[in-house]
Amino acid sequence: MNRSIRPDAVLIQAVIAGALSFAHLHDLAAAAGQSGWKAWAYPVSVDLLLVAAWRRLRAGRDRSSWTWFTIALTASLGANVATAGLLDLHDVPAWLRILVAGWPALAFLGGTLLVHAPGPAPAASEPEQDETDEEPAPEVEMHRTDTLEPAAPAPVPAAELTAAPPKPPADTPAVPPALLDHARSIADAHRRDTGEPITADALTARLGLPAPTCEAIAAQLQLT
């Protein structure tokens with residue numbers, strides 16, 4: 001299907017701006033000593049590098065595209081400003097002649113790096129499963145007919161057997177743990193001070209509690 005070309009204000013403006021920039025680059029290259037076809041090759045080189053860097057930026061491939069885009073844009077804008085009367089084209093300074101003479105090598109380097117720069121690695125696609133995969137094997141249930149007898153517990157060495165504390169008689173009153181700890185601390189203090197264990201009578205006198213309670217405490221502390 002043939003598409004008709006319709007005039008567009010943006011397209012016309014782009015053509016005019018490109019033509020003016022092309023002419024300014026040509027005039028600057030000619031003033032810097034590049035005569036003949038060489039002066040016309042400079043604007044082509046600058047515009048091609050600018051377009052190549054812009055395409056790489058649109059593709060979002062690497063950040064170095066910004067560097068070459070900035071270099072090409074600076075060269076184009078610099079030529080436009082230099083030919084606006086700020087620079088005497090009949091007496092071009094030596095540093096500008098050096099920049100113009102070295103531009104081809106710089107443009108070749110930038111174009112080569114932009115074209116041959118490695119692109120992003122494609123995302124690894126998951127392998128599709130084949131519809132003709134083999135059917136899974138049927139499950140087989142297995143039942144054991146023999147029963148395992150429980151293993152006998154290992155004998156505990158006699159050295160590890162510790163004698164359990166004697167249980168108080170059934171009619172002995174219950175002693176709170178806090179009271180028992182208090183009585184034990186008194187017995188320990190007496191042993192530490194005198195070097196001998198405290199007797200049941202002495203503990204009863206120290207505690208000042210009823211006789212059945214003191215007897216229960218003495219029985220649990222194994223006092224005589």
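Backbone N atoms of the range 210-224 closer than 14 Å to the 7 Å Cα→Cβ label point of residue 196 belong to residues 224.
In terms of its Cα atoms, the range 1-117 spans 53, 36, 24 Å along the principal axes, sorted from long to short. Calculate the spin-label point distance for residue 11 paired with residue 207, positioning each point 7 Å from the Cα along the beta-carbon direction, and give it in nanometres. According to this spin-label approximation, the distance is 11.2 nm.
Normalising by residue count, the range 56-95 has a Cα convex hull of 69 Å³ per residue.
Taken per residue, the accessible surface of the range 8-108 reaches 63 Å², heavy atoms only and a 1.4 Å probe. Relative to the current alpha-carbon distance between residue 101 and residue 67, full extension at 0.36 nm per residue lengthens the span by 10.2 nm.
What number, in nm² with one decimal, is the all-direction average of the projected area of the convex hull of the alpha-carbon atoms of the range 183-224?
2.5 nm²
The values are calculated or read from the model by the stated rules, or taken from the named source; none is laboratory data. Quantities reported herein were computed from a predicted structural model and do not represent experimental measurements. Backbone-built Cβ (ideal geometry, glycine too); neighbour counts: all protein chains shown. Accessible surface areas use protein heavy atoms only, side chains included; no ligands, DNA or RNA. Shrake-Rupley method; radii C 1.70, N 1.55, O 1.52, S 1.80 Å.
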